[in-house]
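Structure record follows, encoded as structure tokens.
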Amino acid sequence: MIKVEEFLAAAEQIAAEEPAYGQGHDGHDGLCDCIGLIIGAIRRCGGQWRGLHGSNYAARQEIRDKIRQITGSGDLQPGELVFKGYEQNQGGYSLPARYQKGGEYYTGDLRDYYHVGIVESVYPLRIRHMTSPRPKMDTSIGKWGYHGKLKKVDYSGGGKEMETVIISGGNPDEPIRLRKAASTGSKILAEMPQGSEAQLIEGGGTWNLIAWNGLQGYVMSVFVHAKGEDRETVTVSRAELERIYDTLGDMLGLRG
């Protein structure tokens with residue numbers, strides 16, 4: 001049985017690699033589809049997926065008990081799967097014959113579960129999923145209508161609720177750069193206003209991996225503060241701080 005924390009960490013790792021959308025892939029080769037994110041995370045945790053590569057299969061064969069309708073974010077738990085589904089009378093409905101009456105995987109459920117994601121956290125709500133062209137993070141229920149726990153995952157640990165942090169520091173008039181990788185030479189994904197709230201995914205080093213406004217990237221740890229933390233304001237240009245970090249990183253071999 002895979003611990004829910006390990007499952008979530010593996011899914012985060014795949015998303016951080018930014019695979020392109022590719023049907024039938026699980027992220028190991030730079031390509032991934034929606035169910036591939038789940039299958040890939042299970043495999044990276046040492047688990048196996050012997051069934052079909054599809055969200056309809058997962059909803060019927062890999063969920064404990066049975067899939068349930070979402071009435072609100074309070075129904076959810078980190079590590080659960082969430083699904084979007086079409087009813088028989090809706091446009092877009094295209095349930096394969098194997099799940100219909102007489103089919104190999106018929107269970108009586110005729111809903112077409114056409115997309116699947118992973119609940120990363122509930123407060124704040126964050127749903128990670130793989131769609132074209134790259135991984136995405138939703139922060140509202142939207143069209144996610146159904147949920148359930150994976151048979152292969154142990155949820156007794158409760159999952160990981162990400163810590164909310166404040167992004168600030170340096171010159172108070174300059175935004176803080178969110179980068180694709182842990183290096184000042186890496187692509188800038190966004191410039192975050194001073195005082196922005198973000199979710200800390202991984203910290204403790206020179207760089208912190210965070211989630212902000214649906215993006216996931218790296219920020220120098222000097223700019224990441226616990227919410228409500230008191231600190232002295234020191235005006236230093238962002239460029240100067242980055243130069244210092246680059247110099248220290250080269251000296252100590254810490255640069256990404």
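Set the Förster distance to 22 Å, then compute FRET efficiency between Glu5 and Ala226 from the Cβ-Cβ distance, nearest 0.05.
Working: r = 21 Å, r/R0 = 0.94.
Computed FRET efficiency for Glu5 and Ala226 comes out at 0.60.
Quick one: if you stick a label point 7 Å off each Cα along the C-beta vector at Leu110 and Lys180, how many nm between them?
About 4.7 nm separates the two model spin labels.
Quick query: amide H of Trp207 versus all other amide H atoms, modeled in the peptide plane; which residues come in under 5 Å with a sequence gap of 5 or more or a different chain?
Ser221
Karplus couplings for segment 114-121 from phi (6.51 cos²θ - 1.76 cosθ + 1.60, θ = phi - 60°), rounded to Hz, Gly and Pro as x?
Here the 3J(HN,Hα) series is 8, 8, 9, x, 10, 6, 8, 8 Hz.
Hey, with R₀ at 30 Å, roughly what FRET efficiency would Arg98 and Asp154 work out to, going by the Cβ-Cβ distance, to 0.05?
Values: r = 29 Å, r/R0 = 0.98.
Once the sixth-power term is evaluated, E becomes 0.55.
When you count, for each residue, the other Cβ atoms within 10 Å and take the mean per peptide, how do 179-189, 18-28 rank with the highest first?
Going from most to least packed, we get 18-28, 179-189.
Rounded, prolate or oblate: which one fits segment 13-52, using the alpha carbon gyration tensor with axes a ≥ b ≥ c (rounded when a/c is under 1.5, else prolate when a/b beats b/c, else oblate)?
oblate
Using a cut-off of 17 Å between alpha-carbon atoms, which lysines can reach Lys180, once sequence neighbours fewer than 8 places away in the same chain are excluded?
Reachable lysines: Lys136.
Separation between the Tyr21 and Arg50 pseudo-spin-labels, each 7 Å from Cα along Cα→Cβ, expressed in nm?
3.2
Rounding to the nearest 10 and keeping the result within 0 to 90°, find how far the Cα-based axis of helix 4-16 lies from the longest principal axis of the chain.
70
Calculated from DSSP H runs of 4 or more alone, at -39500 (n - 2.57) each and per residue, what is the 222 nm mean residue ellipticity of the chain, nearest 500? Write out the running numbers ahead of the final one.
Working: 4 runs with 46 residues, N = 256.
Taking each H run of at least 4 residues, the total per residue is -5500 deg cm²/dmol.
Taking the chain as the region of interest, what is the percent of Cα-Cα pairs per 5 angstrom bin, listed from the shortest bin to the one with the maximum distance?
1, 6, 12, 16, 17, 14, 11, 8, 6, 4, 3, 1, 1, 0, 0
So how tilted is helix 34-44 from the main axis of the chain? Cα-based, degrees 0 to 90, rounded to 10.
With rounding to tens, the tilt is 70 degrees.
Find how many whole Å separate the alpha carbon centroid of segment 3-28 from the alpha carbon centroid of segment 146-201.
17
Ranked highest first by the average count of other Cβ atoms within 10 Å around their residues, in what order do 118-125, 136-143 fall?
Highest to lowest by the protection proxy: 118-125, 136-143.
With no solvent and one point on each alpha carbon, what is the Debye value of log10 I(q)/I(0) for segment 16-126 at q = 0.18, 0.20 Å⁻¹?
The Cα Debye sum returns log10 ratios of -1.02, -1.21.
If you filter segment 52-114 for chymotrypsin sites (Phe, Trp or Tyr not before Pro), then keep DSSP loop positions with at most 11 other Cβ within 10 Å, what is left?
none
All of the numbers you see were taken from the coordinates with simple rules; none came from a lab. It should be emphasised that the depicted structure is a prediction, and the values quoted were computed from it without experimental measurement. Every residue, glycine as well, gets a Cβ built from its backbone with ideal geometry; the counts of neighbours run over all protein chains shown.
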